[in-house]
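Each remark here refers to the structure printed beneath this line.
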Amino acid sequence: MRAVVLLSGGLDSCVSACIARKVYKNITALTFIYGQKHEREVESARKISQYLGIEEHRIVTIDPSLFVSALVSQNEMIPEKKLNEIGKEIPPTYVPARNIIFLAYALAIAESKDADAIFIGANALDYSGYPDCRPEFIEAFQRVADIGTKRGVEGRHIKIESPLINMTKKEIIEKGVEIKAPFHLTWSCYRGKVKACGACESCLLRLKGFMDAGYLDPLPYEKYPEWYNPKDLVPLPFLS
């Protein structure tokens, strides 16, 4: 049994990859460079892939001029928001059609390798409001895979697996602790400094998830939001 796993190097994709590893003997991990302001997540993806003993890890470069986004523009600042403002509108960090493109690549590889599933760490609860992270998007792409591939029309469907789609960040972290996901190797911050910024949307959602789960985030931060007190939290049990 083989699966293709979208592995960005972030927290969600790490847990998704660990779930896939529990089920599938052979995995192809797929990571994309598309003009991000930094390559910290790509470095993390490499480390996670090695940690999980993934058989094949492909890193694909996409022309960054395709995208207009704060994540890829060197002239646009990463915005900072308060936690209660996140998800109320599609933020400037949205990358147009990113998951459509990523899943299309993954689908081509999956069919070429006769894989049975594609795993994506999309999450529609504690997230930044991206339209390509919602259940209806996954359902629509499943339909594309079913009618647009040879395997699909032959009835050997390639399943689009989104195991985290209806989980909160707290639940994702709890699941990761249960299966010993290497959170210490992940990177979620939109900025690529030595320490995570602790102020961008991705950092805030990550820190809130760890706080709600009662665990200390193992990554170093430049600063913590006022509501996060590391002294109230316990280290991850499998890293202590």
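What follows draws every value from the coordinates through simple rules; no lab data is involved. Just so it is clear, the model here is predicted, and its values are computed rather than measured. Here Cβ is always computed from backbone atoms with ideal geometry, including for glycine, and neighbour counts include all displayed protein chains.
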>> Using the crude model of +1 on Lys and Arg Cβ and -1 on Asp and Glu Cβ, and no other charge, please compute the dipole size for region 117-198 relative to its Cα centre, in debye to 20.
In response: 360 debye
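Do any of Lys159/Lys193; Lys113/Lys208; Lys25/Lys208; Lys195/Lys231; Lys25/Lys231 go past 29 Å between their Cα atoms, and which?
From Lys159/Lys193; Lys113/Lys208; Lys25/Lys208; Lys195/Lys231; Lys25/Lys231, over 29 Å: Lys159/Lys193; Lys113/Lys208; Lys25/Lys208; Lys25/Lys231.
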> Pick from Gly155, Gly192, Gly53: which is most flexible by mean-square fluctuation in a GNM of the chain where alpha carbon atoms under 10 Å apart are linked?
Replying inline: Gly155
> Any idea what the dipole of the chain comes to, in debye rounded to 20, about its Cα centre with Lys/Arg Cβ at +1 and Asp/Glu Cβ at -1?
Replying inline: 420 debye
>> Using the Karplus curve 6.51 cos²θ - 1.76 cosθ + 1.60 with θ = phi - 60°, what ³J(HN,Hα) values do you get for each residue of region 47-59, in whole Hz, with x for Gly and Pro?
In response: 5, 5, 4, 5, 4, 8, x, 5, 5, 9, 10, 9, 10
> Which of Val153, Val68, Val95 moves the most in a Gaussian network model of the chain with Cα springs under 10 Å?
Replying inline: Val153
>> Just want the answer: with Cβ charges of +1 for Lys and Arg and -1 for Asp and Glu, which residue in Tyr228, Gly155, Ala29 is farthest toward the dipole's positive end in the chain?
In response: Ala29
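Semi-axes of the equivalent ellipsoid of the chain: what are they in whole Å, largest first, if each equals the square root of 5 times a C-alpha gyration tensor eigenvalue?
Each semi-axis is the square root of five times an eigenvalue, giving 28, 21, 16 Å.
Restricting to DSSP H runs of at least four residues, report the calculated mean residue ellipticity at 222 nm for the chain, -39500 (n - 2.57) per run over all residues, nearest 500 deg cm²/dmol.
-10500 deg cm²/dmol
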> Relative contact order (percent) for the chain, with alpha-carbon contacts under 8 angstrom and 6 or more residues of separation?
Replying inline: 22 percent
>> Tell me which of Ser16, Pro64, Asn123 sits at the most positive position along the dipole axis of region 2-232, charges placed on C-beta atoms (Lys, Arg +1; Asp, Glu -1).
In response: Ser16
> Considering amide H positions built from the backbone, and no H for Pro or chain starts, which residues 5 or more places from Glu161, or on another chain, come under 5 Å of its amide H?
Replying inline: Ile118, Phe119, Ile120
> Could the peptides 108-115, 205-212, 34-41 be put in order, highest first, of the mean number of other beta-carbon atoms found within 10 Å of their residues?
Replying inline: 205-212, 34-41, 108-115
> Mind checking which of Pro182, Pro131, Pro163 has the largest fluctuation in a GNM of the chain, springs on alpha carbons under 10 Å?
Replying inline: Pro131
>> I'd like the per residue volume of the convex hull spanned by the Cα atoms of region 122-238, given in cubic angstrom.
In response: 127 Å³
